[in-house]
Amino acid sequence: MDYRLDPELAVVAAGLPRTDFTDPVAARKAAYAVASATVAALPPAGDVEITDHQADGVPVRIYRPTTAAEPAPVLLDFHGGGFVMGSLDSEHRRALDLARRARCVVISVDYRLAPEHPFPAGLDDGYTVLEWTSANAASLGVDPARVAVGGGSAGGGLAAGLALLARDRGGPAIAFQLLLCPALDDRLLTWSATRFTGTPAFDSRAAAQMWPLYLPAGRVSPYAAPSRADDLTGLPPAYVLTAEYDPLRDEAVDYAVRLLQANVSVELHQTTGTFHVFDHVAPEAAVSRRARAEMAHALARGLAAVLPRS
């Protein structure tokens, strides 16, 4: 297939390794080394206070803009990595950028990874952090009525699953979902999932490797693969970002349409000439800068739509 990539992304794509989960431990180690080096090379974030904490046993990194008012809106942010790799460092650039642009506190979640910790371990960690944030809102200086969940790729799937779980458990309220190239459907039967076999960075082969590492044998829960949920009513408003040449594109589009049909407000943004989590691997490309600005504006609007709790 002819992939007509954005010219800036095409240059980056030529040097990208293809994601391969054949040896998940080795893949994780390599990704962690790259992420650590990237964070070390970034200039100090003087306008954002960054601190590491334990949220009832789950490691988190909190980003607080120095200009944020209290109580501030807050985003629980989940890194990508196919449920297998990724870390606080790999999500550092995006978390810092969203905190700055949306003027909200960002709590980046270091959830447990498959295959050592398959579903529901990562989702359970997310729910623990959601409850911890709500219970400690006053000391954290955040508004429990303005909590968003979000993430890219596997992190977007975890955020969508967490929104479903919180709704069904009657848990802490979630005001907004930020779903960026989310992994939502283990069945991989969509047009994009079956045809994008050679896309840069992440293709349908990698997606097929990823899901069995995350899912235990047996019936698949909709909290693991949110596209399997029958009922999407009562979920928080969402911003959904998709990439043109992403095997996960169509499942995200389908999910956004189903949210709309369930009377959930959705902003769906399809980016052209792009591949899976393009903004993550090519942050300086013009299309990535536009996407980052738009997702931050959507997050700020979504959280501003909820009245602050006094």
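Laboratory data are not the source of any read-out in this text; all were calculated from the coordinates shown. A quick note: this is a predicted structure, and the numbers were derived from the prediction, not measured. As a convention, Cβ positions derive from the backbone with ideal geometry for all residues, glycine included, and neighbour counts pool all protein chains shown.
Here the label points at residue 131 and residue 191, each 7 Å from Cα along the C-beta direction, are separated by 4.3 nm in the simple model.
Multiplying the residue separation of residue 169 and residue 304 by 0.36 nm and subtracting their alpha-carbon distance yields 46.1 nm. Spacing of the modelled spin labels on residue 54 and residue 22, each 7 Å from Cα toward Cβ, amounts to 3.9 nm.
DSSP bridge analysis restricted to the chain gives an antiparallel fraction near 30%, rounded to the nearest 5. Taking amide H as placed 1.01 Å from N in the peptide plane, the amide H of residue 145 sits under 5 Å from that of 309, each at least 5 places away or on another chain. Potential lengthening of the chain between residue 116 and residue 269 amounts to 51.6 nm, from the contour at 0.36 nm per residue minus the alpha-carbon distance.
Protection proxy ranking, highest mean first, for peptides 242-254, 188-200: 242-254, 188-200, where packing is the per-residue count of other beta-carbon atoms within 10 Å, averaged. Computed over the chain with a Gaussian network model linking Cα atoms closer than 10 Å, the most mobile of 128, 19, 67 is 67.
Annotation: peptides 263-276, 79-92, ranked by per-residue average of other Cβ atoms within 10 Å with the highest first, follow the order 79-92, 263-276.
Phi-derived couplings, Karplus 6.51 cos²θ - 1.76 cosθ + 1.60 at θ = phi - 60°, listed residue by residue for the range 218-226: x, 5, 8, 6, x, 6, 8, 10, x Hz, with x used for Gly and Pro. Counting only whole DSSP H helices of the chain, the ones at least 20 Å long by C-alpha along their axis and with mean Kyte-Doolittle hydropathy no lower than -0.5 are 24-41, 121-135, 154-169, 286-304. Mind running the shape call on the range 174-231? Use the C-alpha gyration tensor, a ≥ b ≥ c as the square roots of the eigenvalues: rounded below 1.5 for a/c, prolate if a/b tops b/c, oblate otherwise. Oblate, since a/c reaches 1.5 and b/c is not below a/b.
Across the chain, C-alpha contacts under 8 Å between residues 6 or more apart give a mean separation that, scaled by the residue count, equals a relative contact order of 20 percent.
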